[in-house]
1. Taking the range 155-190 only, how many residues are closer than 22 Å to Ala120 by Cβ, surrounded by fewer than 17 Cβ atoms within 10 Å (Cβ to Cβ) and more than 17 Å from the chain's Cα centre (by Cα)?
2. Among the residues of the range 134-154, how many are small (Gly, Ala, Ser) and either part of a loop (DSSP other than H, G, I, E, B) or in contact with a strand residue (DSSP E or B) (Cβ under 8 Å, 6 or more places away or on another chain) (or both)?
3. Can you confirm whether the range 182-189 contains a residue that is of a type in the set (Asp, Glu), free of Cβ contacts under 8 Å to residues at least 40 places away in the same chain and within 22 Å of Thr149 (Cβ to Cβ)?
4. Could you pull out the residue among Gly132, Gly85 that is in contact with a Pro (Cβ under 9 Å, 6 or more places away or on another chain) and more than 11 Å from Asp69 (Cα to Cα)?
5. With in contact (Cβ under 8 Å) with a residue 24 or more places away in the chain, open to solvent by 50 Å² or more (accessible area, probe 1.4 Å) and among the hydrophobic types (A, V, I, L, M, F, W, C) as the only criterion, which of Phe90, Phe193, Phe105 stands out?
6. Tell me, which helices (runs of 4 or more DSSP H) wholly within the range 10-107 include 3 or more residues that are hydroxyl-bearing (Ser, Thr, Tyr) and either more than 16 Å from the ligand (Cβ to nearest atom) or under 25 Å from Gln162 (Cα atoms) (or both)?
7. Given (1) modelled with pLDDT under 95; (2) more than 20 Å from Arg102 (Cα to Cα); (3) open to solvent by 40 Å² or more (accessible area, probe 1.4 Å), identify the lone condition not met by Lys145.
Amino acid sequence: MDKVRKLLIAGNWKMNKTVAEALSLAGDLQRELGLVKEVDIVICPPFTALSEVSKLILDSKSIRLGAQDMSQHNFGAYTGDICAGMLKEFSVRYVILGHSERRQFAKESDALINAKTKAALAASLKPIVCVGETLTEREANLTEKVVDTQITGCLAGLTKDQMDEVVIAYEPVWAIGTGKTATSQQAQEVHQFIRKRITALFDDAVAKRVRILYGGSVKPANTRELMSQRDVDGALVGGASLEARSFSDIVKNSI
Ligand code: PEP
């Protein structure tokens, strides 16, 4: 696919996979996708599998490791948390921040996601910052307002240079894990809006470079159509990233 920005396909394994299962999936992906150069590929296993998966894909030319969250603090008395310094031990390059499940279940605010984003950048991790509206918000015509508030809050205080390391994921909450995908036109509209807001918050050059992923029931069958949209620069994949066949097909259909 002829795109302005290099596509990024990221798999969010969420709270799935034992270490053995994670190794089996990562091994299959390595065999299937090991030679792919056209798109960036990131897999985000649970924390408990990072160590082993990182050893397995150490020499991979194509697959990079991501985490699903991290603390805004760096080492100390924060029971149960994981910090950037710990992720770096396993060659983690990316970290998903502000996923809607963390906003919903852990009550994460834009201010907290902003602090985590800054902590990730300070540790040279690339944050994948998630935004998106609920069904009620979409039906009340609040999509742009909600996404604008999230973008503005989560990216507050970042420099233009730092923005080059940031990836944004637009994930309409109503499309996550529901089998309902935004139409490619709905996705494009919001992606275009986000890019316009990035121009206003930073500048046109930053907006032209930033990658905006779509997430929400992405599967092999809808990948091509979604990725063909001008402002869609990749996908954040949940359910379909749990099987080597479907994730590999998503990657291949995006090329
Ligand atoms: C996600 O959780 O980031 C996601 C997009 O999930 P799914 O692909 O299962 O909708």
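1. The number of residues fulfilling the criteria is 5.
2. Number of matching residues: 1.
3. Yes, the range 182-189 contains at least one residue that is of a type in the set (Asp, Glu), free of Cβ contacts under 8 Å to residues at least 40 places away in the same chain and within 22 Å of Thr149 (Cβ to Cβ).
4. Gly132 is the lone residue from the list that is in contact with a Pro (Cβ under 9 Å, 6 or more places away or on another chain) and more than 11 Å from Asp69 (Cα to Cα).
5. One residue alone meets the criteria, Phe90.
6. It comes to 47-56.
7. (1)
Here is a yes/no grid of residues against (1) under 25 Å from Trp13 (Cβ atoms); (2) in contact with a Lys or Arg (Cβ under 8 Å, 6 or more places away or on another chain); (3) among the aromatic types (Phe, Trp, Tyr):
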position: Gln185; (1), (2), (3): no, no, no
position: Gln188; (1), (2), (3): no, yes, no
position: Ile198; (1), (2), (3): no, no, no
position: Val232; (1), (2), (3): yes, no, no
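The values are calculated or read from the model by the stated rules, or taken from the named source; none is laboratory data. These numbers were taken from a predicted model, which means no experiment stands behind them. Here the Cβ is made from the backbone with ideal geometry for all residues, glycine too, and neighbour counts use every protein chain on show. Side chains are part of the model used for accessible areas, which takes the heavy atoms of the whole protein and leaves out ligands, DNA and RNA. Shrake-Rupley method; radii C 1.70, N 1.55, O 1.52, S 1.80 Å.
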